[in-house]
Amino acid sequence: MEAYIVAMLVFAGFYALMALGLNVIWGLAGMVNLGLVGFFAVGAYASALLTTKLLWPMPLGWAAGAAIAAVAGGIMALIVARLRGDYLAIVTLGFAEVIRLVASNEIWLTNGTDGISGIPGPWRGDVSPQQFNLIFLALVWCAVGIAFLLLSRASHSPFGRVLRAVREDEDVAAVAGKPVLWFKLRAFALGAAVVGFAGALYAHYNAYIAPDGFAPLLTIYIVLALTAGGVGAMRGAVVGALFVVLLLESTRFLAQEIPGVTPVQKAALRESIIALSLILLLRFRPQGLIPERTRTHSRPGATP
Amino acid sequence: MIQDWRDIAQILLNGLMTGSMLMLPAIGFTTIFAVLRYPNFAVAAYATVGAFAGWVANTQWGLPAGLALVAAFLVAGAVGLLAEEAALKPLRPSGPLTVAIASVALTLLIENILRFFFGNELRGYDLPILRDWRFDGIRIGPQQVQNTLYACAAAGALFAVLAFTRLGRAMRAVADNPQLADIKGVDPDRIARVAVFIGAGLAGFGGMLLGLDTSIDPLTGFRVILSVFAAAVVGGLGSIPGAALGALVVGIGEEMAGVLLEPAYRTVTAFLAILLVLSIRPQGLLGRAA
Amino acid sequence: MTKFRIGRRAALRRAAGALYATSAAGAVSSFAIGGKAFSQGAPIVFGALPPLTGAGGPYGPAMLRAIQAVVEEANAAGGIRGRQIRVVAEDDQTNPDAGVRGARKLIDVDRVSAMMGTWASSVTTAVAPLCWENRVPLFTVSGADSITLLPHQGFIFRTQPNSKLQIETGADFLLRQGARRIFHLAAQSPFAQSSQDVLVAKFRAAGGEVVGYTVYEREKTAFRSEVDAIMRARADTVFLNGYLPDVTILLRELFRAGFDGRRFAPAYAINQNLLNSLPHEVTNGAMTWQPSPDVDSGAFKRLERLFGNTAVDPYSAQTNDHAALAILAAAAAGDAGGVAIRDNVRRISQGDGEKVDNVTDGLRALAAGRAINYEGSSGPVEFDERGDIRGTKFRYERAAGGRFELVELR
């Protein structure tokens, strides 16, 4: 049981990193990004390829994963900066699907649907599986801690304030002399870097990545995490990620107890509960478990 | 690959058929968007609901395809309306993105409700499959022509409603300017309900057409949804003729990709079509500037 | 209001009671499975990780049913030396990320002594390291050749023939049937390219030709241009190397286009379920092949009876054997640990022992101290040193009037 809990906390760490990254793009800058899993994949593949094919040391691979995801995020921002939110949602969704297809089909680079196995992990093989788990637990939550501190600071810095201004009203921010596109680009790149870094760590934890693993479902989980925690609040992203992993895993045990249904029906119920809880959260706690304290705009229903 | 004009004609024709399958869900999606101003990702689920409703009507109750399509429309419309009122409408004050995200969750929910009751098995309609007609080396499927006609008829009916009825005029008024429509005595709530019913219904109608051409399972709508979004975006979100045009562009683009590039990259083509169109006309082919 | 409160309190009490009951049951079972040594009465736990949702959804449920059927039979026969067997299933969602989380739970919480029924190659490859690190054997139906090449220390058993064996036998069959110009239409998968390499070599050697090779996107719903390419290439045979949803569409489209050559597909891509969902004239003549036991195999007939009205598909035939192999290996070892199962699978599945085709007979023979050789519903199930299936026969069938009829078995 302990091993399982440790492993799930490691997963929660990955999700927390992704939620933090999404929070910069969506929470601060107000740009929806449903292509999250695409940046996650870019980071994972970059680090996996550099460390297995070019034998780069792992930390360098992780940094490269973050950097390449940041570049992808920057390019994405340039393309989509002019688009409205609803278009943005669809374009980013498509982006993630394109990444998955490229990873499936460019076999010379990515090994196709076979995926990349044997990705090294820190001290893997030298220590027991459980020790490896604990090492990774420390590693990923250190990463979460550092990302949290840096992003919280950024969020309260002038940079963060401008991003919020852009989120609330782009035109006003532009009139105030802020280069809106430049700020959006930086936010997108920064968020993508954090997500890419999460992907890089993930690849080295699992030792294996394949296109199948980067399905849109993961994006839904992260959006759920951020919504649950509270969009805009960095603490919310972390709390939300823990909540999502708890939800995903506890439904397993819950589903086991349901009598008189087939396994498929159990699986269907389990996914239904996850979907339903997102809808209910949005309905009854739209500000999330940890609301953003610096939120400036008027609440719905309040007189403008 | 391409040797003479027939090959090009065949690709265009294939694209037309593929596009006509995307047309109704795309129109449904854009209809809801036009009135309510948020992208409702749940059209994927409504398409699957329609496919299953039509399947039940056709194979369990023995209705012919034409009547089963009506059932698909009505059931998907009703499910869409119910889901809207119960799950999405209360979220509207939180902004369009919140509703959009909830609609993603709604898709997952409906997919799994269908899975709960129908399982994962593939199901086919109780219909004969006919051989293609051949004209000078070009092949056309009679059923695909029929499906295209069904799709066009449904789209045409929607155009007629919008153009000639009081309800249609009211819908267009709300789409143009909700506040102004409100002042003029049009009840935007009622219009919203009608739009959702029609939008979800058309998605269901399209989902059953898709099922007639393939086989259905709980992922039926999900498989085409990216192409459907691409069609709506290319045509301009909120523009109904745009969605129809966008569906043809995406359909032909995907078939071209199958021949000129690699069949494994069809979806990439749809995505490239989005980017190309949006970089030239951010509001889509027939959309109005925001 | 008061009444409501009482009602609520009663409900709370009931909930607390239920909670207590479940936690007590949980405590018992975790106590029971905590002790790994052989003790009477403590159930042995097997983990099943089939796809119940996602792209593998059409296959996973039947695969799980086959596992459960064998386990029920073994339990009815007295279990493994008096110990009952319990199957815990988790849905891998056809996704390696979900698969790994599910495998974690099965290994760390349920302490399974064997894992079985993974379908997608990506899921199998993702959970394989967890299995060998925790010394749990993994029985799989995944087809990617790379799986048994992993450094798995003998913990992987794959009942699906690798693509080389599978495609070579398939190609030989087609050549025997007179095929010379074959078109290979493959869903993007880990074995698309390796299948193509084998096909080219085989057809070239026999004076034939692979006249076209197209890899398509599996999740699409229209493949008209792909079928046009087949018609243009004037192929006499088309090999549909895909899965149920896409092959369904391709068969329709080939029929409409008037393709009159051979249509050949793996038996998991054209199964009875597909025959039921399409008009007969569309499927008539389509041919499939799969690894197979002898015609008179008792194992296959038993599974057919257990499945009742639904036909047995190749994956279920294999997971049936997964469970049987694990049960018999544990019984032969007298130890339900993962290492013991790994070390005894070959002892009970190959060699000169008494041939048995079901767990009841197998358990009885083992209890009497006799050596056995299990012949399963998916074939003789003999494994080479890598964990790949070897020496299996293949069954070739043709669809006629909505049913399969045997063409040959060799």
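The values are calculated or read from the model by the stated rules, or taken from the named source; none is laboratory data. Computed from a predicted structure; not experimentally measured. Cβ placement follows ideal geometry from the backbone for every residue including glycine, while neighbour counts extend to all protein chains displayed. Note: accessible area is taken over every heavy atom of the protein model, side chains too, but ligands, DNA and RNA are not part of it. Shrake-Rupley method; radii C 1.70, N 1.55, O 1.52, S 1.80 Å.
For C:Phe394, the residues whose amide H sits under 5 Å from its own are C:Ser292, C:Arg410, ignoring neighbours fewer than 5 places away on the same chain, with H placed 1.01 Å from N. Summed over all non-identical Cα pairs, the Kirkwood treatment of region A:172-302 gives a radius of 17.5 Å.
For region A:59-177, state the semi-axes of the equivalent ellipsoid (square roots of 5 times the eigenvalues of the alpha-carbon gyration tensor), sorted largest first and rounded to whole angstrom.
Working: eigenvalues 243, 117, 23 Å².
Calculated on Cα positions only, the semi-axes equal 35, 24, 11 Å.
Averaging 1/r across all pairs of distinct Cα atoms in the protein assembly as shown and inverting the result yields a Kirkwood radius of 29.4 Å.
Of interest is the spacing of the C-alpha centroids, which for region B:119-182 and region C:103-182 amounts to 45 Å. Looking at chain C alone, DSSP beta bridges between its own residues are antiparallel in about 30 percent of cases.
For C:Ala371, the residues 5 or more places off, or on other chains, whose built amide H falls under 5 Å of its own are C:Glu354.
What total accessible surface area, summed over both chains, is buried at the interface between chains C and B, computed with a 1.4 Å probe and given in Å² to the nearest 100? Write down the numbers at each step before the final one.
Working: alone 17480 and 14070 Å², together 28150 Å².
Roughly 3400 Å².
Beyond 18 Å in Cα-Cα separation lie the following of the pairs A:Lys266/C:Lys220; A:Lys266/C:Lys105; C:Lys164/C:Lys202; C:Lys164/C:Lys393: A:Lys266/C:Lys220. Summing charges over neighbours of A:Gly30, with a neighbour being any other residue whose Cβ is under 11 Å away from its Cβ, gives 0 when K and R count +1 and D and E count -1.
Summing Cβ point charges (Lys, Arg +1; Asp, Glu -1) relative to the Cα centre of region A:2-214 gives a dipole of roughly 540 debye. Here the relative contact order of region A:2-214, from alpha carbon pairs under 8 Å that lie six or more residues apart, stands at 45 percent.
For region A:2-214, with all protein chains in place and a probe radius of 1.4 Å, 71% of the accessible heavy-atom surface sits on carbon or sulfur. DSSP finds beta bridges in the protein assembly as shown, and of those with both partners inside it, around 35 percent are antiparallel.
A cut-off of 5 Å between modelled amide H atoms, ignoring neighbours fewer than 5 places along the same chain, links C:Ser377 with C:Asp321.
Binning the alpha carbon pair distances of chain B at 5 angstrom intervals from zero yields the distribution 1, 6, 12, 17, 18, 17, 13, 8, 5, 2, 1, 0, 0, expressed in whole percent.
Using a 1.4 Å probe and counting only protein heavy atoms, arrange B:Asp189, C:Asp228, B:Asp182, A:Asp171 so the residue with the most accessible area comes first.
Numbers: B:Asp189 60, C:Asp228 15, B:Asp182 85, A:Asp171 110 Å².
My answer, sorted largest first, is A:Asp171, B:Asp182, B:Asp189, C:Asp228.
Burial annotation for region A:84-110: residues with an accessible-area loss of at least 40 Å² between the isolated chain and the complete set of protein chains, computed on heavy atoms with a 1.4 Å probe, are A:Arg84, A:Asp86, A:Tyr87, A:Ile90, A:Val91, A:Leu93, A:Val98, A:Leu101, A:Asn105. Computed over region A:2-214, the P(r) tail beyond 22 angstrom holds 49 percent of alpha carbon pairs. Around the Cα centre of the protein assembly as shown, unit charges on the Cβ atoms of Lys, Arg, Asp and Glu (plus for the first two, minus for the last two) sum to a dipole of about 2600 debye. Hydrophobic long helices, here whole DSSP H runs in chain A with Kyte-Doolittle means of at least 1.0 and Cα atoms spread over 27 Å or more along the helix axis, are found at A:2-22, A:58-80, A:85-105, A:129-156, A:180-206, A:234-257, A:263-284. If you take all other residues with their beta carbon under 12 Å from the beta carbon of C:Asp110, and give Lys and Arg +1 and Asp and Glu -1, the sum is +3.
Dividing the radius of gyration of the alpha carbons in region C:210-303 by their Kirkwood radius gives 1.01 for Rg/Rh. A P(r) calculated from all alpha carbon pairs of region A:44-105, with 10 Å bins opening at zero, reads 21, 39, 29, 10, 1 percent.
Report the B-A buried area as the accessible area lost on both sides summed, probe 1.4 Å, in Å² to the nearest 100.
Values: alone 14070 and 14810 Å², together 25170 Å².
Its buried surface, counting both partners, is about 3700 Å².
When the surface is traced with a 1.4 Å probe over the full set of protein chains, B:Asp126 keeps roughly 110 Å² accessible.
Based on Cα contacts under 8 Å between residues 6+ apart, region C:232-314 shows a relative contact order of 30 percent.
With helices defined as uninterrupted DSSP H runs, which ones in chain B have an alpha carbon span along their own long axis of at least 20 Å and mean Kyte-Doolittle hydropathy of at least 0.0?
Values: long enough: B:5-36 (44 Å, 1.25); B:65-83 (26 Å, 2.41); B:96-118 (32 Å, 1.71); B:142-164 (32 Å, 0.98); B:188-213 (37 Å, 1.05); B:220-235 (23 Å, 1.83); B:240-260 (29 Å, 1.50); B:266-280 (22 Å, 2.15).
TM-like helix candidates: B:5-36, B:65-83, B:96-118, B:142-164, B:188-213, B:220-235, B:240-260, B:266-280.
A 1.4 Å probe run over the protein assembly as shown, with the rest of the protein chains in place, finds 36 Å² accessible per residue. Measuring only protein heavy atoms, the 1.4 Å probe finds A:Lys53 accessible over about 120 Å².
Pair-distance distribution P(r) for region B:1-54, from all Cα-Cα distances in 10 Å bins starting at 0: 21, 34, 23, 17, 5 percent. Helical runs assigned H by DSSP (4 residues or longer) give the protein assembly as shown a calculated mean residue ellipticity at 222 nm of -20000 deg cm²/dmol, each run adding -39500 (n - 2.57) before division by the residue total. Relative contact order, whole percent, for chain C stands at 16, derived from Cα pairs under 8 Å and 6 or more residues apart. Other residues lying with their Cβ under 15 Å from the Cβ of B:Ala181 contribute a combined charge of +3, Lys and Arg counting +1, Asp and Glu -1. Which of the DSSP-defined H helices in chain C satisfy a minimum axial length of 27 Å, computed from C-alpha atoms, and a minimum mean Kyte-Doolittle hydropathy of -1.0? Helices passing the filter in chain C: C:2-34, C:314-333. For chain A, modelled as a GNM with alpha-carbon contacts under 10 angstrom, which of A:Ala173, A:Ala103, A:Ala64 fluctuates the most? Taking springs between Cα atoms under 10 Å, the residue moving most is A:Ala173. Mind checking which lysines have their C-alpha under 23 Å from A:Lys53, skipping anything on the same chain fewer than 8 residues away? Once the sequence-local lysines are set aside, nothing remains near A:Lys53. Using a probe of 1.4 Å, the accessible surface attributed to A:Met1 totals some 90 Å² when neighbouring protein chains are kept in position. In the P(r) worked out for chain C, what percent of Cα pairs fall beyond 40 Å? Above the 40 Å cut-off, chain C has 22 percent of its Cα pairs.
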